[in-house]
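Heads up: the structure comes next, in structure tokens.
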Amino acid sequence: MKARTEARALPCNTLVRESCKMPVVLESADRRLTDPAPIRETEIEYDNTVPYPVFMDLESRRCVVVGGGEVANRKARKLLQARAGVVVISPEIKPELESVAVEILRRPFEAGDLEGAFLAFAATDSREVNAAVAREADDKGIPVNVVDLPSEGSFAVPSVLRRGRMQVAVSTGGASPSLARSIRGELEGIFGPDWAGLVEELAVARMSGEKADARLESEVDRCLSQLRG
């Protein structure tokens, strides 16, 4: 059953930490350690949960892609960029997929195929197969992305702009993937290729334990000023 949304007026000096159907603490914003304001508990219920954004280290992790078409191909290529151990399962597989996968099972998905997987992707054109992948992933506690029914999965893949080490991810929570792609397209013009080199220089400075020099700081300011217009 979904939580009910209840509109409730709160004082403007109150900070609210929301949690679906869980008691939360409302605390005065002007609370001081020397003069603590009264703390009260309440319950806030709401309909719209927000996905938690996270960047994962997938190097050498077993990631299973079920499907052999273009959608599965895109998923596999992104996994390859993260140096994941890509496993592809499908009766028919595009040649591009064969070049990126560390393991290919040229057959339909079978129970047990997700054993040892870190992530799973249900990317076939069959609703029945995708549902079977989602069920097994759920049973095994494996995060799964379901391309034709995102709500059946446990995570979504955002639209991503990459400039070297820097990545900007855009998501609408499944409301409109086309809008997310459009926003990413706009960002491509704002974050030009020069950002890749800039971020790399900042990484080198940080790893060496040195502060960015005046030239680098000036370059950062220049790039940021372009964003402000």
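Computed quantities for the displayed model
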read-out	value
When the range 62-157 is reduced to its Cα atoms, the Kirkwood hydrodynamic radius in Å	12.7 Å
HN-Hα J in Hz across the range 223-228 - Karplus 6.51, -1.76, 1.60, θ = phi - 60°, x for Gly and Pro	5, 5, 5, 5, 5, 6
Charge tally in the Cβ shell below 13 Å around residue 190, where Lys, Arg are +1 and Asp, Glu are -1, residue 190 excluded	0
Nearest-0.05 FRET efficiency for residue 196 and residue 148, computed from C-beta distance (R0 35 Å)	0.55
Lys, Arg +1 and Asp, Glu -1 on Cβ, resulting dipole of the range 102-166 about Cα centre, debye, nearest 20	520 debye
Efficiency of FRET from Cβ geometry, residue 60 and residue 213, R₀ 35 Å, rounded to 0.05	0.45
Principal axes of the range 99-229: Cα extent on each, largest first, Å	58, 34, 28
Environment charge at residue 84 (Cβ cut-off 13 Å; Lys +1, Arg +1, Asp -1, Glu -1)	+3
Rounded to whole Hz, the Karplus (6.51, -1.76, 1.60) HN-Hα couplings of the range 162-177, x for glycine and proline	10, 10, x, 6, 7, 10, 10, 9, 10, 9, 10, x, x, 5, 7, x
Potential lengthening between residue 182 and residue 74 on full extension [0.36 nm per residue; Cα-Cα distance subtracted]	37.1 nm
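Bear in mind these aren't lab numbers, they're just calculated from the coordinates by the rules spelled out. Values in this document were obtained by computation on a predicted structure and should not be read as measured data. Cβ atoms come from the backbone with ideal geometry, glycine included; neighbour counts cover every protein chain shown.
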